[in-house]
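Working notes, structure below.
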Amino acid sequence: MSFNVSVILKGIIAGFVGTLVLTGLMMVKKNMGVLPALDPVHMLSTMAAEKMGTQVSLTTGWIMHFAIGAFAWGGAFAVFNRALPGRSQIGKGIVLGIGAWLLMMIGPMPMSGAGLFGLSMGIMAPIMTLILHIVFGAVMGFTFAKLLGNPQSSAV
């Protein structure tokens, strides 16, 4: 796989698709009443408002959520793909998803007031977010492999 703008764009698209699936699962979780306080979009909006010293709409939180998933993680997936451990794109995506989860648990979670690993919401918060990030990574890796036209690299 050569490193070029086309590959990065495919990573961004794959990150966007992974974020769509993650978001759908977040909505199902919330509508089922499972950890309703675990709302990353609201957390992002609140943190942005505090940083800017003004009111920030949930729309801003949604934009940030998708920008992080698509541009930051999808772009990073394409750029660092060869360095990621794993024999398949799905495996590499899961590794990156776990890395994204870990960074979220030690950065934004405590900054949002949820505590390290979100433990102020209980033990299910880090478990649920880990599962969601594993799904995000798997979907991103699968989509990236398909966009590359390499179906063998999407096998686990």
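The values are calculated or read from the model by the stated rules, or taken from the named source; none is laboratory data. In this text, all values refer to a predicted model and were calculated from it rather than measured experimentally. Quick reminder, even Gly has a Cβ in these numbers, built from the backbone with ideal geometry, and neighbours come from all protein chains shown. In case anyone asks, the SASA skips ligands and DNA or RNA and just uses the protein heavy atoms, side chains included. Shrake-Rupley method; radii C 1.70, N 1.55, O 1.52, S 1.80 Å.
What value, in deg cm²/dmol to 500, does the helix sum -39500 (n - 2.57) over DSSP H runs of n ≥ 4 give at 222 nm once divided by the residues of the chain?
Calculated at 222 nm, the ellipticity per residue is -21500 deg cm²/dmol.
Loop-only check: which chymotrypsin sites (Phe, Trp or Tyr not before Pro) in segment 26-82 are DSSP coil with at most 15 other Cβ within 10 angstrom?
Passing sites in segment 26-82 are Phe80.
For a bin width of 5 Å, list the pair-distance distribution of segment 92-156 built from all Cα-Cα distances, rounded to whole %.
Pair shares across the bins are 4, 21, 22, 18, 13, 9, 7, 5, 1.
Ignoring any ligand, DNA or RNA, what whole percent of the accessible area of the chain comes from carbon and sulfur when the probe is 1.4 angstrom?
74 percent
Using all Cα-Cα distances in the chain, what percent lands in each 5 angstrom bin from 0 up to the longest?
2, 10, 18, 22, 18, 14, 9, 5, 2, 0
With only alpha-carbon atoms counted, please give the Rg and Dmax of segment 1-85, in Å.
Cα radius of gyration and Dmax of segment 1-85 are 15.3, 45 Å respectively.
Over segment 1-92, average the accessible area per residue using a 1.4 Å probe and give it in Å², no decimals.
56 Å²
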